[in-house]
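Q: This is the structure I have questions about; it appears just below.
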Amino acid sequence: MNKIIKTESEIKKMRISGKLASEVLEMIEKHVQPNISTEDINQICHKYIVQEKKAISACLGYHGFPKSICTSVNDVVCHGIPSKKKILKNGDIINIDITVIKDNYHGDTSKMFLIGETSILSQRLCKIAQDSLYLALKIIKPGIAAYKIGEIIQNYVEKNNFSVVKEYCGHGIGRCFHEPPHILHYKSKENNIILEKGMIFTIEPMINAGHAQVRSMKDGWTVKTKDRSLSAQYEHTILVTDYGCDILTWRKNEKINPQLFNKN
Ligand code: MF3
Ligand code: CO
Ligand code: CO
């Protein structure tokens, strides 16, 4: 049996890890306000994961990452490091990316938070990023080629005059944080695997308001847009089912069903 297909007992554990990761995002919502530092957000999440949920933050120490979560503000595309010095202010947009380990299995999810009154551009960017993820979720089922995911995301984003970051992709997930397959967010023939029931992977498009190019900061982690335009990202961990997919990191207030029946 293909190694990237999860067993029933693994799927059970992945449901628990996914739910736990989504609960961190639900919990942190009320704290994500003007004047809080990203380090304070990090500490609240860390305590919740460790003390309340008896789980582990997968980010802390991952290839040397120094904090428990990623906090990516405005032109930061991904892997922003929480800091006492980074204070959220009215009009900011922030992605909070949570990855937990519970009973040896990972759950990985992220969403945007809009701070106070944000610009029309910020709101549109976040909405297009989330909708691009949702459009992709609505085509997942056994038998479709993985490149279809990238195709639908890229077409939708570019039709809306935004761009897709090419350097980072979705990934299989399970006992390891990042497992095969790679799930690209743009159309590429390299992504020619066929989805099968029992695969678990993330989809996590990073969408820029300007050009797609990114640059890495000297801290070795923070990735920003090269042209300093805003960037937004949403991420879910999903399970391919007989009929479509289950969103393992679904949040209670989301306007999409946790189980998707993808008929055509
Ligand atoms: N959570 C990110 C992802 O979606 C990875 C973060 S790695 C870290 O794959 F080390 F920066 F935490
Ligand atoms: Co991920
Ligand atoms: Co993530």
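Q: Filter the trypsin sites (Lys or Arg not before Pro) in region 182-264 down to the DSSP loop ones having no more than 10 other Cβ atoms within 10 Å, then list what survives.
A: Listed in order of number, the matching sites are LYS189, LYS218, LYS252, LYS255, LYS263.
Q: Also, I was wondering about something else. Can you put LYS148, LYS30, LYS85, LYS67 in order of accessible area, largest first, using a 1.4 Å probe?
A: LYS85, LYS30, LYS148, LYS67
Q: Given the DSSP H assignment, sum -39500 (n - 2.57) over each helix run of at least 4 residues in the chain and divide by its residue total; what's the result at 222 nm in deg cm²/dmol, nearest 500? Working shown, then result.
A: Working: 4 runs with 62 residues, N = 264.
Here the helix-only value at 222 nm equals -7500 deg cm²/dmol.
Q: Largest first and to the nearest Å, give the Cα extent of region 51-123 along each principal axis.
A: 42, 22, 21
Q: Hey, for a label at ASP40 modelled as a point 7 Å past Cα toward Cβ, could you say which residues of region 118-160 have their backbone N under 20 Å away?
A: What the label zone holds, given the 20 Å backbone N cut-off, is 118.
Q: Something else: Under a 1.4 Å probe, what is the accessible area of the chain per residue, stated in Å²? Numbers along the way, then the final one.
A: Values: 12070 Å² over 264 residues.
Accessible area per residue: 46 Å².
Q: Something else: Among ALA21, ALA145, THR225, which residue has its Cα furthest toward the positive end of the charge dipole of region 8-260, with +1 on Lys/Arg Cβ and -1 on Asp/Glu Cβ?
A: The listed residue farthest towards the positive side: THR225.
Q: Label points 7 Å out from Cα along the Cβ direction at GLN123 and GLU254: separation in nm?
A: Label-label distance for GLN123 and GLU254, simple model: 2.3 nm.
Q: Using a probe of 1.4 angstrom, how much of the accessible area of the chain is carbon and sulfur, in percent?
A: 53
Q: Now for a separate question. Projected area of region 79-188, taken from the Cα convex hull and averaged over every viewing direction, in nm²?
A: Averaging across all directions leaves 8.7 nm² for the Cα convex hull.
Q: What is the calculated FRET efficiency for ASP242 to LYS89, with r their C-beta to C-beta distance and R₀ = 41 Å, to the nearest 0.05?
A: Using R0 = 41 Å, I get an efficiency of 0.30.
Q: In debye, nearest 20: dipole of region 8-260 around its Cα centre with unit charges on the Cβ of K, R (+) and D, E (-)?
A: Using Cβ point charges on Lys, Arg, Asp and Glu, region 8-260 gives about 260 debye.
Q: If amide hydrogens are placed 1.01 Å from N in the peptide plane, which non-local residues have theirs closer than 5 Å to the one on ASN262?
A: Placed amide hydrogens put GLY244, CYS245 under 5 Å from ASN262.
The values are calculated or read from the model by the stated rules, or taken from the named source; none is laboratory data. All of these numbers come straight from a predicted model, not from anything done at the bench. All Cβ positions, even for glycine, are placed from backbone atoms using ideal geometry, and neighbour counts span all protein chains on display. Note: accessible area is taken over every heavy atom of the protein model, side chains too, but ligands, DNA and RNA are not part of it. Shrake-Rupley method; radii C 1.70, N 1.55, O 1.52, S 1.80 Å.
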